Every structure is written in structure tokens, then in C-alpha cells.
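Student: Mind looking over this structure? Questions follow.
Each reported figure results from applying straightforward, stated rules to the coordinates on display, with no laboratory input. Only a predicted model underlies this, so the values are computations on that prediction, with no experimental measurement involved. FYI the Cβ positions are ideal-geometry reconstructions off the backbone, even for glycines, and counts take in every protein chain you see.
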Amino acid sequence: MDDVDAVQAQIARNMLTSGDFVTARLDGIPYLEKAPLIYWLIAGSFKIFGATDWAARIPMVLAAIALAWLTTAFGMWAFGRRAGFYAGLCMSTCFGLFLFTRILIPDVMLTASIALSMWAFLRAIDEAERRPRWWAFVLAASLGTSLLFKSLVGVVFPVAAALIYLAVTRQLFDAKVWKRLHPLSGLLVALLIAAPWHVIAALRNPPYFEFTMRSAPGEYHGFLWFYFINEQLLRFLNMRYPRDYDTVPRLYFWLFHLLWLFPWSVYFPAVVKLSFKPSDRAGKARLLALCWAGFILVFFTFSTTQEYYSMPCYPALALLLGSAMAAGGNWIRYGTRVLCGIFIVAAGTVLTLYFLAWNLPTPGDISAALSSNPGAYKLSLGHMEDLTIASFAYLRLPLLVAAAAFLVGAAGTFRARGQRAFLAIALMAILFFQAARIAMAAFDPFLSSRPLAEALRRAPSGTLIVDHHYYTFSSIFFYTNRDALLLNGRFNNLVYGSYAPGAPNIFIDDAQWKTVWLAPERYYLVITRSAAERLKNLVDPRLLTTVAESGGKLLLTNHPVVQ
């Protein structure tokens with residue numbers, strides 16, 4: 001897809017083809033804001049399977065599987081087989097995990113690494129554990145790995161949660177506990193894993209020591225300043241430049257967790273009834289999970305945030321839910337009844353939409369039937385507001401599958417209780433995810449520029465120009481594997497690296513575009529249909545030959561294409 005999805009994949013391919021696995025680049029511009037491990041994993045997948053879109057997703061799939069297994073194993077060790085199984089079921093079939101693994105972001109990998117850190121910490125300090133040194137090593141190694149997934153938060157989250165837990169249990173100054181954790185050797189292990197890349201990246205992208213709190217356009221302070229001060233400190237304080245991100249309102253951020261952990265979030269009231277006294281292994285694990293989830297949620301309450309930033313707390317919440325589900329009780333029964341009602345209403349709503357769109361035509365692709373609500377796009381599900389009754393005509397099959405999923409869930413929770421109900425709920429989620437997957441295929445022309453890229457690959461050779469920002473049409477770069485000039489695109493993620501020494505001059509304005517468009521050489525331009533209207537004020541409309549159109553986006557050229 002366009003945006004960050006294809007960006008991550010193309011960075012990995014650029015690393016693989018250039019041999020430079022230190023400095024990420026987009027269109028030749030240094031891209032210094034992200035940790036590299038996700039790029040390395042995708043590049044490794046490309047090396048084995050080839051540079052394809054499905055190969056780019058293999059590390060994400062493996063990370064999601066690892067996260068589900070870790071949550072299950074952690075739960076079984078702490079609470080027993082049944083509770084561990086339920087915790088893994090919650091983790092693997094919650095809506096948030098599905099939604100936030102549709103795009104290539106490292107958060108699921110970070111979440112798995114943090115979950116391993118938390119489990120290793122609890123096992124290392126467990127007096128009944130016969131191999132505490134091994135678990136201390138696992139803790140240190142996972143912390144170092146987390147640094148390479150998403151920088152400082154990969155260490156701050158688990159370390160803060162562990163320190164809060166030790167303080168609450170009055171073990172913070174217990175020498176025996178710290179001896180079992182081996183902090184000095186653990187620090188060495190974490191540094192051996194994470195420090196080399198940071199050092200080499202700093203050496204290759206000077207200056208080395210800039211400590212200004214000023215973040216402004218046209219200034220370049222090297223890798224260390226941008227990566228740590230701008231991307232960590234100033235982003236937390238909402239002072240970062242460029243301000244190419246939105247933040248979710250605090251109330252929405254908290255309430256959305258009912259959706260991200262759905263359908264299992266209906267059982268949250270039962271968690272309150274659990275014992276958090278650290279008198280046994282189960283109580284210790286619940287208390288740690290509470291410290292773990294609580295710190296992350298409070299942290300992002302005071303920081304700029306996106307919905308998926310809190311994914312590292314999902315395993316903690318899944319552990320608490322699994323423990324509560326295994327314990328049973330009235331709140332679990334009430335939750336199951338609530339779910340049954342939700343499923344019945346959802347099935348009725350989906351079937352109503354299906355019949356309303358039954359006879360509606362489906363010309364072109366789904367983009368023709370969507371509305372536009374840019375103000376809502378700061379939310380992950382903001383594009384849901386674009387849906388119209390006419391757009392559901394393109395989604396008849398996923399509507400039927402979704403209705404079947406909700407009916408299965410309703411039937412399975414109507415009379416069944418306990419494990420049978422939980423398995424029916426999980427089956428509902430799996431079927432619903434298939435409906436969502438089919439729907440995403442219908443949205444492909446709108447979410448991706450792949451049809452334009454395929455048309456460009458078949459067209460005569462020429463220089464590519466992309467309007468606006470790299471992210472807007474990033475899949476063009478991935479599917480064609482070529483660089484391009486960016487028309488009025490020197491802003492957001494690429495602006496800082498564009499001022500780095502030796503960065504290529506790939507940015508042009510309207511006047512420069514007009515000059516090259518009138519040249520005898522062939523040029524191509526990728527642009528949205530709405531933005532293309534302004535070009536008619538710059539050149540004769542007859543010089544705007546449409547090569548392909550898809551999803552409200554155009555591929556234009558300045559000379560006719562002979563078929």
C-alpha cells in the first residue's frame with residue numbers, strides 16, 4: 001500500500017541493493033528517524049524469496065506468531081494451561097493485532113520483544129527458578145533487540161514496568177534480586193547488540209555532538225541529534241520538526257482499547273475481581289502485567305501518540321483477560337451475553353447494508369463511491385467515514401462473510417459458556433478477519449498505486465515525477481523499483497535528510513516542472529485526479545496525456561504513447 005507500508009519495503013530493498021545496512025534512504029535521501037532491525041529482517045526475506053510484497057510481510061507474520069506463542073507460554077507458566085491458552089487466544093484474535101499488522105510497522109516485533117523481556121524478568125527474580133542467569137541473559141538480549149526495533153521506548157517500557165513492580169513489592173533495594181538480574185553483565189549484552197549500529201550510523205552521518213533543542217527547517221545536525229533529541233525527546237514534548245504526525249485525543253486513546261482488544265475486552269470487568277497480591281506466581285504475574293500495561297498507557301497519556309503506539313501493552317492485558325476467563329464467574333457470563341447481543345446487532349446491520357447495496361452499480365473501482373473526510377484521517381479507522389451506501393456495492397462478498405462471522409459468534413455465545421463460548425468467539429474473529437482481508441482487496445486501487453506502477457512498467461522509458469510527498473505514492477517506487485523527482489515534495493519525513501551533505505537534489509517546484517514537461521524528452525507524472533486540475537494553468541491540457549487511472553490517481557505523460 002501507499003504510505004508507510006511501501007516505504008518500509010523500499011528502504012529494505014535499497015539496503016539490499018546498495019549494501020549499506022546502516023543509513024536508510026528513500027529516493028537517495030538519508031532517512032534517519034527509525035531503528036533499522038525491521039529493514040534488516042525484510043531485506044533478509046527479500047534475499048531469500050525475492051523483492052515482492054508478500055515477502056516483505058513474512059517478518060510481520062513470524063513476529064505475530066511469536067507474540068501469540070509468547071503470550072500463551074507466559075500465561076501457562078504463570079497461571080496454568082487453561083489460562084495461558086485463553087491469554088494466547090485473546091492476543092492472537094484481538095482486533096488491534098489484526099489491524100496494526102496490515103502495514104509494515106515494527107510495533108508487533110517490539111511487542112513480542114517486550115513480552116519476552118517481561119517474562120524473562122519475572123523468571124530471573126523467581127526464587128524457584130533454577131536458571132536465573134539464563135533468564136537474565138534473555139532479558140538483556142531482548143532489551144538490546146528492542147532498541148533496534150523502536151529505539152529508547154523498547155528499553156524504557158520494560159525497565160520502567162520492572163522498576164515499578166520491584167518498588168510495589170518492596171524489592172527495589174533487595175541485593176538478592178539485583179544479583180539474580182546481573183545488571184552489569186546484562187548492560188554489556190544489550191550494548192553489544194544495539195551499540196554497533198548506533199555508533200556506525202553516527203560516524204557516517206556527522207556532526208556527532210549537537211545538543212540544541214531547536215528543531216527548524218533548513219538545519220542539519222547529523223544522526224545523533226535527529227534520532228535521539230528530535231525523534232525521542234522533542235516528539236514526546238510535541239516540539240519535533242517536521243510536525244508530520246497527528247496525535248489522538250486522550251479520551252479516544254484510552255477508549256479505543258475496548259476496540260483493539262475486542263471481542264475479549266467485554267471481560268475487562270472480571271479482571272477487577274482478580275488477586276494482585278504477589279503471594280504466588282499467579283499474583284506476581286498479574287501485578288507485573290498491571291505495572292506493564294499501566295505504565296505504557298500513562299506514558300502515552302502525556303505524550304503525542306497514535307493508536308498503535310500502545311500495542312506493547314496488549315500482551316499484559318491479554319494475560320489479565322486469560323486469567324480472568326479461566327477463573328470464570330458472573331462477570332465472564334455477563335460479558336458473554338453482552339457479546340451475543342453485539343453479534344446479533346452487528347449481523348443485522350451488515351445484512352441491512354448488503355441489501356441496501358444489492359442492486360447498486362459498481363463502475364470503475366471503489367474510489368468512485370467514496371467520500372472524502374481528511375479531518376478524520378489522523379485515526380487508524382478514519383477512512384471508515386469515507387464509506388457510503390454506494391461503496392458497499394463493491395463489498396458484497398465481505399459483507400456476507402462478516403455477517404456469517406457475527407452469526408457464528410451469536411450462535412456460539414447464545415447458550416454456550418466457558419471454553420465453548422470462547423472458541424466460538426475466536427472463530428467469529430477469524431471469519432471476520434477474512435471478511436476484512438477480502439474488503440482490503442477491493443480497496444487496493446484506493447490504498448495502493450500498484451495499477452499505475454504496472455502501467456508505467458509497460459510504458460516507454462522516461463523520467464518519473466511524483467507529485468506532492470513520497471509517502472502519497474510510495475508503492476509506485478516499490479513496484480517499479482526506481483527513483484523519481486518530487487514535485488513540491490520537500491516536507492515531512494524527507495525534509496531533514498534533504499539537507500544532509502551529498503543528498504541528491506530531487507525536489508522541483510511548479511516552474512521547474514513546467515520547464516521539463518515542455519522538453520522533448522519523455523516525462524511521467526503521478527498525481528491525484530483532484531490535484532491534476534492545477535496543471536491546466538501551467539501547460540496546455542493537450543500535453544497532459546493520461547496513461548492510466550486508478551483509485552482517483554493518474555499517470556500522465558507529456559508525449560502521446562503509441563500503442
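Student: Percent of Cα-Cα pairs per 20 Å bin, from 0 to the last occupied bin, for the chain, please list those.
Tutor: Reading upward from the zero bin: 19, 50, 28, 4, 0.
Student: Something else about it: What's the Kirkwood radius of segment 450-557 in Å, using all Cα pairs?
Tutor: Result for segment 450-557, one decimal place: 14.2 Å.
Student: Counting each pair of different Cα atoms once, what's the Kirkwood radius of segment 82-320 in Å, rounded to one decimal?
Tutor: With all distinct Cα pairs of segment 82-320 included, I get 19.2 Å.
Student: While we're looking at this one, here's another question. Please list, or write none, the lysines whose alpha carbon is within less than 19 Å of the alpha carbon of Lys514, excluding same-chain residues fewer than 8 places away.
Tutor: Output for Lys514: Lys536.
Student: Give the cross-link partners of Lys150 among the lysines, using a straight C-alpha distance below 20 Å as the criterion and excluding same-chain residues fewer than 8 apart.
Tutor: Lys34
Student: Place a +1 charge on the Cβ of each Lys and Arg in segment 336-481 and a -1 charge on the Cβ of each Asp and Glu, then give the dipole magnitude about the Cα centre in debye, rounded to the nearest 20.
Tutor: 660
Student: In whole Å, what are the extents of segment 331-396 along the principal axes defined by its C-alpha atoms, from largest to smallest?
Tutor: 48, 33, 12
Student: Something else: Could you list Glu219, Glu549 so that the one with the fewest beta carbons within 10 Å of its beta carbon is first and the one with the most is last?
Tutor: The fewest-first ordering by Cβ neighbours comes to Glu219, Glu549.
Student: Dipole of segment 245-382, Cα-centred, from +1 at each Lys and Arg C-beta and -1 at each Asp and Glu C-beta, to the nearest 20 debye?
Tutor: So the magnitude is around 680 debye.
Student: Would you mind working out the magnitude of the charge dipole of the chain relative to its Cα centre, with +1 at each Lys and Arg C-beta and -1 at each Asp and Glu C-beta, to the nearest 20 Debye?
Tutor: That gives the chain a dipole magnitude of about 2060 debye.
Student: Mind checking the angle between helix 396-414 and the chain's longest principal axis? C-alpha axes, 0 to 90 degrees, to the nearest 10.
Tutor: Orientation of helix 396-414: about 10 degrees from the principal axis.
Student: In segment 181-302, with Lys and Arg counted as +1 and Asp and Glu as -1 at Cβ, which of these residues, Phe223, Thr301, Leu203, has the Cα nearest the positive end of the dipole, that is, farthest along it?
Tutor: Farthest along the dipole direction, towards plus: Thr301.
Student: At a Cα cut-off below 25 Å, give the lysines reachable from Lys284, other chains included and same-chain residues fewer than 8 away excluded.
Tutor: Lys176, Lys179, Lys273
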